[in-house]
Amino acid sequence: MTTLRVKPGQRFTLQDWHTNSHLISANAECRRSASHQVRQEARALRNETNNQTKWDEHDNQTRLAERISSVNRWKETLDKCLADIDVEIDALAKVKEAAERALQAKNLHLDVSIECLTLRESRRAIDVVRDYVEEELHTEVKMIDKAKRVLQQRVNEAFKQLCLLKEARQQLNRDHQHKVEALEIDRMCLSLNVNSPNISFKVNPTRVPDGSTALHQWEQNSQCNKDRAEAEMKASAGLREATATAIAQIDNELEAQRVATEFALRKRIKDLERAYDELKWQEQNTLEEIAEMEEDIRRLEEDLRGKIQDLKVAHTRLETRMCRPSVELCRDQAQYGLTHEVYQLEETIRELRQKLAESQTALDALYRQLHRIQTDIGYKSSSLMLDNKCLDSRRKLVVPAKKFLPAVDTLNPTMNHPPFPPRSGQLEL
């Protein structure tokens, strides 16, 4: 009969078996309890972290929205400021152009005044007088020079102010562009969520980038740009007002001076016309007196020739009576009468010759005076023509240049003088 062979090994008791079973059950309970605790803590953590994440995300969404609103307000402020500064730049540019046009117009005023002074330098002899017209013209030239200096200063100030305005506008525009870019970035950040594409982990996203500024610095920068732009606009408005006032004042002063100069010119022309008429009247009277004097001289010469003939007759009679014979050669009444007649005729001839010489001297004086009158008439005619040319030239100050056809040869003003009048002729203007 075969014997049952038993595998050798450790043998546990029933008590060990029960103990092991209780130990396994206890450990299972412990592990389940621990797992339940972990699960409860995990659920609480999940709820807490979910709530915290949602609240953080909500708060950051709100902060981003507020930041977008704040940047947008500044952007709108800068938009308005940019629009205002553009309007101010255009307005100042127009005022600057007006000042430049006024400055350019003063060149015409100056040219006309200098032309008038140059024309009046062609006056001759006694008519070269420093009269009130010349004083007004010199005053006008000084006023125009002063006005040009003032206008040039205003143009320079406007140019500098335009540069400052454009510089302020450039700063505003740069700040505006930065805010537009920041708005786009913040709006894109506001629109991101877990389902957005192109979200990923970044390397050290919490670092502080170089050039970062604090919130008060950001606000202070925009406020400074806005304040500077407003200050420049205020200065520009004051400069525009001052420039417009200066242009109006200069135009009024120059217009008043132009009226005064032209009034003086017209008054001088009237004086010249009166002097010319007086000279023409004197010339006419002198010519009449010369004609009468020549007639009287002719009659004196005829009388003198007649008296000479009479003297010859008396001499002949006396000489013939010297031939009487002997006692007939007596000094009778006829002899005394003829002798007295000779003396009387000789005295008469002497007086006639003296009067003829005086008359000839008076006639020569009349001719000299006539020449002086006619020469002065020529001077007055030339001066009258020059002053009329000045008056015509000044029409360019009130008539548009393209519509004004100058009647004066301004390039050669001294070549058109009338010739000197003839000695015995009558001058015509």
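Tallying residues that are more than 14 Å from residue 394 (Cβ to Cβ) and either open to solvent by 50 Å² or more (accessible area, probe 1.4 Å) or touching a strand residue (DSSP E or B) at 6+ places or on another chain (Cβ under 8 Å) (or both) within the range 108-123 yields 1. Going through (1) in a helix (DSSP H, G or I); (2) at pLDDT below 90; (3) over 30 Å from residue 142 (Cβ atoms); (4) not hydroxyl-bearing (Ser, Thr, Tyr) one by one, residue 65 falls short only on (2).
Residue selection: residue 203 satisfies the criterion of being more than 27 Å from residue 69 (Cβ to Cβ) and open to solvent by 80 Å² or more (accessible area, probe 1.4 Å).
All of 248, 264, 275, 242 fail the test of being surrounded by 11 or more Cβ atoms within 10 Å (Cβ to Cβ), in contact with a Phe, Trp or Tyr (Cβ under 9 Å, 6 or more places away or on another chain) and assigned to a helix (DSSP H, G or I), apart from 264. State whether the residues of the range 406-414 include one that is modelled with pLDDT under 85 and charged (D, E, K, R). Scanning the range 406-414 turns up at least one residue that is modelled with pLDDT under 85 and charged (D, E, K, R).
Filtered by the rule that a residue be open to solvent by less than 90 Å² (accessible area, probe 1.4 Å), charged (D, E, K, R), part of a helix (DSSP H, G or I) and farther than 18 Å from residue 301 by Cα, the range 313-366 gives 321, 341.
The values are calculated or read from the model by the stated rules, or taken from the named source; none is laboratory data. For clarity, every value in this text was computed on a predicted model and none was experimentally measured. Reconstructed Cβ throughout: ideal geometry from the backbone, glycine too, with neighbour counts over all protein chains shown. These accessible areas exclude ligands, DNA and RNA; they are computed on the full protein's heavy atoms, side chains included. Shrake-Rupley method; radii C 1.70, N 1.55, O 1.52, S 1.80 Å.
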